[in-house]
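Here is the structure we will look at, set down as structure tokens.
The values are calculated or read from the model by the stated rules, or taken from the named source; none is laboratory data. Values in this document were obtained by computation on a predicted structure and should not be read as measured data. Glycine gets a Cβ as well: all are built from the backbone with ideal geometry, and neighbour counts include every protein chain shown.
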Amino acid sequence: MSSHMLQDLRSGWHVDQAIVTEKERLVVIRFGTSTDPDCVLMDELLYSIQAKVRNFAVIYTCDITQVPDFNDMYELTDPMTVMFFYQNKHMLCDFGTGNNNKMNFVIDDSQEMIDILETIFRGARKNKGLVVSPYDYNDRRAEE
């Protein structure tokens, strides 16, 4: 599975440490399971851009069945969720989906994902808690 190519956070403590200790870069965590098809696709994309974004972002995975600590706190009810943190602060991004807390859909274009990460990072550096995605995904609105 491609998720083995990304660093996996294996406990709540590891997740906390990843978020708390990174002072310069954006922390990107893909929550889900390595067997979920959407997670596999997103992991492949994240792995493919990892070297290109390493100067401003660090990417992790976290299995929500092995590490359920954040499932309630972050409302991790979707099979695949990507969240962003900067200097121990949860970064929000308006994707046009109505859910600014997380990305719960798969992106299949590596440059698109790089652009999103750059936008979130630039906003974070300016102390913005919410940034607007350079792409609108309102057609991917989750049925709730």
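The table below lists the values:
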read-out: Some residue of the stretch 50-59 being farther than 15 Å from Ile114 by Cα and touching a Leu at 6+ places or on another chain (Cβ under 9 Å); value: no
read-out: Residues being of a type in the set (Gly, Ala, Ser) and farther than 16 Å from Val106 by Cα - total across the stretch 40-81; value: 2
read-out: Enumeration of residues in the stretch 87-144 that are small (Gly, Ala, Ser) and in contact with a strand residue (DSSP E or B) (Cβ under 9 Å, 6 or more places away or on another chain); value: Gly96, Gly123, Ala124, Gly129, Ser133
read-out: Some residue of the stretch 35-57 being within 23 Å of Asn127 (Cβ to Cβ), surrounded by 17 or more Cβ atoms within 10 Å (Cβ to Cβ) and among the charged types (D, E, K, R); value: no
read-out: All strands (runs of 3 or more DSSP E) inside the stretch 66-139 with 1 or more residues being in contact with a Phe, Trp or Tyr (Cβ under 7 Å, 6 or more places away or on another chain); value: 80-86, 89-94
read-out: Total residues in the stretch 121-140, condition among the polar types (S, T, N, Q) and surrounded by 16 or more Cβ atoms within 10 Å (Cβ to Cβ); value: 1
read-out: Pairs with Cβ under 6 Å, 6+ apart, first in the stretch 54-74 and at negative phi and free of Cβ contacts under 8 Å to residues at least 60 places away in the same chain, second part of a strand (DSSP E or B) and aliphatic (A, V, I, L, M); value: Val58/Val27; Ile59/Val28; Tyr60/Ile29; Cys62/Ile29
read-out: Selection from the stretch 17-60 of residues that are part of a strand (DSSP E or B) and touching a Cys at 6+ places or on another chain (Cβ under 8 Å); value: Ile29, Arg30, Phe31, Gly32
read-out: Some residue of the stretch 125-140 being modelled with pLDDT under 95, touching a His at 6+ places or on another chain (Cβ under 9 Å) and under 20 Å from Met73 (Cα atoms); value: yes
read-out: Residue within the stretch 69-76 that is modelled with pLDDT of 95 or more and out of contact with any helix residue (DSSP H, G or I) (no Cβ under 8 Å at 6 or more places or on another chain) present; value: no
read-out: Selected residue (only one of Val106, Val40 is under 12 Å from the mean Cα position of the chain (by Cα) and either farther than 19 Å from Gln7 by Cα or not charged (D, E, K, R) (or both)); value: Val106
read-out: Test: Cys39 is touching a helix residue (DSSP H, G or I) at 6+ places or on another chain (Cβ under 8 Å), touching a residue at least 40 places away in the same chain (Cβ under 8 Å), closer than 23 Å to Lys128 by Cβ and not aliphatic (A, V, I, L, M); value: no
read-out: Residues of the stretch 92-109 classified as closer than 16 Å to Leu46 by Cβ and surrounded by 14 or more Cβ atoms within 10 Å (Cβ to Cβ), total; value: 7
